[in-house]
Structure formats: C-alpha cells, structure tokens
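Beneath this line is the structure, given in structure tokens, with notes to follow.
Every number here is computed from the coordinates shown, using simple stated rules; none is lab data. Just so you know, these numbers come straight off a predicted model, no measurement behind them.
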C-alpha cells in the first residue's frame, strides 16, 4: 500500500498488528474510530460537562489504531488543570484532525486496493 499523503499521525503498523493485516477488519476498525471521533469531538470544550470523558474515550480509540500523538494529547488534556484545559483541548483537536486525515487517506487506499481485486 502506498500510504500517500499521510502525515505520520497514525502508525498503521499498530493497526496491522491489531487486525492481523486483514483489510476488511482494518476498514471496520477505522470506521469505528471515525464514528467515535464524530460523536465525542463536540465535547472537546472545557465548558462542556464530560469533556474529560471525551478525551479519555478518544485516547483509547487513538491508541488502538496507532495514533500516538493523539493519545498523548488526550492524556495531557485529561489530567490538565481547568485553567490550561482549553489549550490542551486545542492540541487534542489538532491531533485529531491530523489523525482523521491519515485515516481518510488510508481508507481511500483500502478502497482502491479492493477495487483492484
């Protein structure tokens, strides 16, 4: 797989190990990650009750696909004092955007691969 246009925000070797290299399972796992990101990202605001739960959940999902930068940003935000939480959540959102861009590129590659047979 060419893995073009990837930023390095996701280490897809982790995903390959998790899925045993099965493209169908990888697509399912990445689809779930995208769904979770969409569900939890609106809560990445220190003014929203439950934002720590959101970063905790995203952290686990990120670790599962190899998004180490995102997992680390979530960990830092999760333990942040309220005064610095907004800045830490900005880091989480930025890391999430980079991870989602890599996931989109990877899923595109998976789709092309499936079309080639």
Practice prompt. Counting only C-alpha contacts under 8 Å and six or more residues apart, can you give the relative contact order of region 12-110 as a whole percent?
Written response: 28
Response to the item:
Treating every alpha carbon of region 48-117 as one equal point scatterer without solvent, the Debye formula yields log10 I(q)/I(0) values at q = 0.15, 0.20, 0.27 Å⁻¹ of -0.51, -0.76, -1.13
Worksheet item: Which label marks the calculated value of Cα extents along the principal axes in Å, given the options (1) 58, 35, 25; (2) 52, 21, 21; (3) 77, 42, 19?
Response: (2)
Worksheet item: Which one of 88, 52, 17 has the biggest mean-square fluctuation once the chain is modelled by GNM with Cα springs under 10 Å?
Response: 17
Worksheet item: How high is the relative contact order of region 1-70, in percent, counting Cα pairs under 8 Å that sit 6 or more residues apart?
Response: 46
Worksheet entry | Candidates 15, 32, 89: whichever shows maximal mean-square fluctuation once the chain is modelled as a Gaussian network with Cα springs under 10 Å | 32
Fill in: Using alpha-carbon coordinates, inclination of helix 85-116 to the longest axis of the chain, degrees
10
Practice prompt. Measure nothing but the geometry: give the 0 to 90° angle between the long axis through the Cα atoms of 51-65 and the longest principal axis through the Cα atoms of the chain, rounded to 10°.
Written response: 20
